[in-house]
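The values are calculated or read from the model by the stated rules, or taken from the named source; none is laboratory data. None of the values given here were measured: they were computed from a predicted structure. Here the Cβ is made from the backbone with ideal geometry for all residues, glycine too, and neighbour counts use every protein chain on show.
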């Protein structure tokens, strides 16, 4: 089973989303717009945002200091503003599964009054593969670059639908265990949006560890 990693909305004591209540990390230095991939070599897939392309980045312009804008609420283990950032506990946990593979750009977090809160890390996945089973996936590899539901293509790009393909079939992603191998955290180069994917072993261990701020979607099928 393959899991997708998603960041949950952060909730306060009254179960109200705090998105509009100032729970965010604000960069105090750096310039995220200037952060670039170290390797831009085309590989036929989607080149999504630098942070989620599945390749290392040049951290020269990565923020080193950020401000947590809520003085009474702790930062969850997983938090996402314009960056997915994680606690040191999560970083160490991922490193146990895949040591020296992924990038973890350090950030010192402070409150508005200058009080140090904690050291956190921007998570930059560094496994980029084609992990899908092309025969069992009921979607179309649009122009050889990204998986798209056939119905989405039927109006604007009907010529991209193979003859005999049922456009009404339920779109289903099926991952291939042989392609994934021993990887535990990766980005699929043909899935747009840079979704972070996890192995069954890593996802179940994360759930058992009880990390906050994360939601794991286990609706992804897997073939041998």
The number of residues in region 57-74 that are buried (at least 17 other Cβ atoms within 10 Å of the Cβ), in contact (Cβ under 8 Å) with a residue 60 or more places away in the chain and not in a strand (DSSP E or B) is 1
Just one listed residue, out of 81, 144, is assigned by TED's automatic domain parsing to the domain that holds residue 206 and at pLDDT below 95, and it is 81
Expected output for region 196-214 (first residue assigned by TED's automatic domain parsing to the domain that holds residue 75, partner crowded, with 22+ Cβ neighbours inside 10 Å and in a loop (DSSP other than H, G, I, E, B), Cβ below 6 Å, 6+ apart or cross-chain) is 196/125
A careful count of residues in region 144-167 that are out of contact with any helix residue (DSSP H, G or I) (no Cβ under 7 Å at 6 or more places or on another chain), farther than 24 Å from residue 217 by Cβ and free of Cβ contacts under 8 Å to residues at least 40 places away in the same chain gives 10
- Item | So residue 94, is it part of a strand (DSSP E or B), assigned by TED's automatic domain parsing to the domain that holds residue 206 and either under 30 Å from residue 67 (Cβ atoms) or without any contact (Cβ under 8 Å) to a residue 24 or more places away in the chain (or both) | no
